[in-house]
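Working notes for the structure below.
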Amino acid sequence: MDPACARPGGPPVRAHHGRTAAQPLTERDITLTCVSNEVGGPYAGNARWLGLDLRTLLRQAGVQRDAGLLLSRSADGWSATTPLETVLDGRDALLAVAMNGQPLSPEHGFPARLIVPGLYGYASATKWVTDLELVANATGLSYWTTRGWAERAPIKTASRIEVPKPFATVPAGRSVIAGTAWAQHRGIAAVEVSVDDGPWQQAQLAATPGPDTWRQWKLPWQATPGQHRLQVRAVDAGGALQTSRRAPTFPDGATGWHSVLVTVI
Ligand SMILES: Nc1nc2c(c(=O)[nH]1)N[C@H]1C(S)=C(S)[C@@H](COP(=O)(O)O)O[C@H]1N2
Ligand SMILES: [Mo]
């Protein structure tokens, strides 16, 4: 078992409602990523989240210290621990109530869920939240860390080729290679593409609202007949190159450069 995004069956929806906090809501575009995402995999997605600022909420609740973990429990019996310093460092951590302009759907955590930019979902994105508690350590408390997944879960820099698809047949001539890249809360500074192990070429980057959102990229490509291998890598906004080292998803996220093979005719 691993922290897959899709879970069978519907969750019981039974969160406890206190009074509504007299606090403005924040709306942010934030890309979630599952730690089970393989290189080139589909378990990353971007959405517009509306919610209460979690730091303000915790400060209002009297949380003064920055050390330790925020334990979040949920209506399906699941739990997560999130480093408190991450929640409180000024990033847009939210107790979200809406996604893409709609109340959260049951599937995505109605009535409320946590969103902490920069951390994999298993350590931050608790759906159907029932209660929050401060704890000193995660031992025996967090669903996936109890099963050996890492306690610290920063999202690793990743880039993905989405066009063309693996093993696609591409017409020769003017073409385009495109995809997304993400390094949540650091941001993406550059994306580079190599064709047939040739020189790395700078892809064009789409505008992004900030470092918590993935970046779409594209590179015009003059496709010549034959088989080609396309490879992508990203540089985060701190200047760090995405590592080529292949690592599995366990225990803290996969790494390696994504490549696809295509046939041009
Ligand atoms: N209550 C609850 N919250 C959860 C989970 C879960 O199983 N139960 N899975 C987590 C994991 S591993 C991920 S990657 C994200 C996925 O969020 P999504 O279903 O909205 O895509 O939710 C997180 N929150
Ligand atoms: Mo996940």
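Descriptive notes on the structure:
- Taking every protein chain into account, the accessible area of segment 158-264 amounts to 48 square angstrom per residue (probe 1.4 Å).
- Each of Ala136 and Gln64 was given a label point 7 Å from its Cα along the Cα-to-Cβ line. The distance between the two points is 1.8 nm.
- Scattering profile of segment 25-147 at q = 0.15, 0.19, 0.20 Å⁻¹ [log10 I(q)/I(0), Debye over alpha-carbon scatterers]: -0.64, -1.05, -1.16
- Accessible carbon and sulfur surface of the chain relative to its total accessible area, %, 1.4 Å: 53 percent
- The relative contact order of the chain, computed from alpha carbon pairs under 8 Å that lie at least 6 residues apart in sequence, is 19 percent.
- Most mobile of Pro117, Pro225, Pro251 in a GNM of the chain (Cα contacts under 10 Å): Pro225
- Proximal lysines relative to Lys165, as straight alpha-carbon distance under 16 Å, when same-chain residues fewer than 8 apart are discounted: Lys218
- Reachable aspartates and glutamates from Lys127, criterion Cα separation under 12 angstrom, eight or more residues apart if same chain: Asp76, Glu107
- GNM flexibility winner over the chain from Ala183, Ala96, Ala240 (Cα, springs under 10 Å): Ala240
- Spin-label model distance (nm) - Val163 vs Ser194, 7 Å beyond Cα toward Cβ: 2.5 nm
- Put simply, the chain fits an ellipsoid with semi-axes of 37, 18, 17 Å; these come from the alpha carbon gyration tensor as the roots of five times its eigenvalues, largest first.
- Accessible surface, per residue, of segment 25-147 when the full set of protein chains is kept, probe 1.4 Å, Å²: 40 Å²
- Inter-probe distance in nm under a simple model that places probes 7 Å from Cα toward Cβ, at Asp89 and Ala240: 1.0 nm
The values are calculated or read from the model by the stated rules, or taken from the named source; none is laboratory data. In this text the structure is predicted, and so the values were computed from the model without any measurement. Backbone-built Cβ (ideal geometry, glycine too); neighbour counts: all protein chains shown. The protein model used for the area step is the full one, side chains on, heavy atoms only, and it has no ligands, DNA or RNA in it. Shrake-Rupley method; radii C 1.70, N 1.55, O 1.52, S 1.80 Å.
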